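**Q** Take a look at the following structure, please.
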Amino acid sequence: MYRVCQDFLATRNQMSKTPRIRIPPEVKKYVFQRDKYQCQSCGKTTVETNLSIDHIIPLSRGGQNDISNLQTLCLICNQQKTDNIDPRFRRHFD
């Protein structure tokens, strides 16, 4: 019975995941501009570090490929976040 439950949960999780798609260059540019080319976690800018686009709520946790779920993070903060939902990494809207 335990094995059946594990299999069901694994299948359900795979089905509920949003598929990963390549973020179009126009969307990346918009997110970078919206976030003022600044990591939304540590505040470093494109002059100080390499920046990337990250899903605030990871796709593996039910996040969507929606522009409101994207943020600018430096590579270090992105690697630290992994696929966790950490409130320190959520965008703050002014």
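**Q** Return the pair list, or none, for Cβ contacts closer than 7 Å from residues in the stretch 74-86 that are farther than 19 Å from Lys44 by Cα to residues that are of a type in the set (Val, Ile, Thr) and in a loop (DSSP other than H, G, I, E, B), at least 6 apart or on different chains.
**A** Listed pairs, sorted by first residue: Ile85/Ile57.
**Q** Just to be sure before I move on: is Ser41 touching a Cys at 6+ places or on another chain (Cβ under 9 Å), at pLDDT below 95 and polar (S, T, N, Q) in the structure I sent?
**A** So Ser41 passes the test.
**Q** Is it the case that Asn13 is part of a helix (DSSP H, G or I), touching a helix residue (DSSP H, G or I) at 6+ places or on another chain (Cβ under 9 Å) and at pLDDT below 90? If you could, list the steps in order and put the result at the bottom.
**A** Numbers: part of a helix (DSSP H, G or I): yes; touching a helix residue (DSSP H, G or I) at 6+ places or on another chain (Cβ under 9 Å): yes; at pLDDT below 90: yes.
The answer is yes for Asn13.
The values are calculated or read from the model by the stated rules, or taken from the named source; none is laboratory data. Note that the coordinates shown come from a computational prediction; the quantities given were computed from them, not determined experimentally. So basically every Cβ, Gly included, is an ideal-geometry build from the backbone, and we count neighbours across all protein chains shown.
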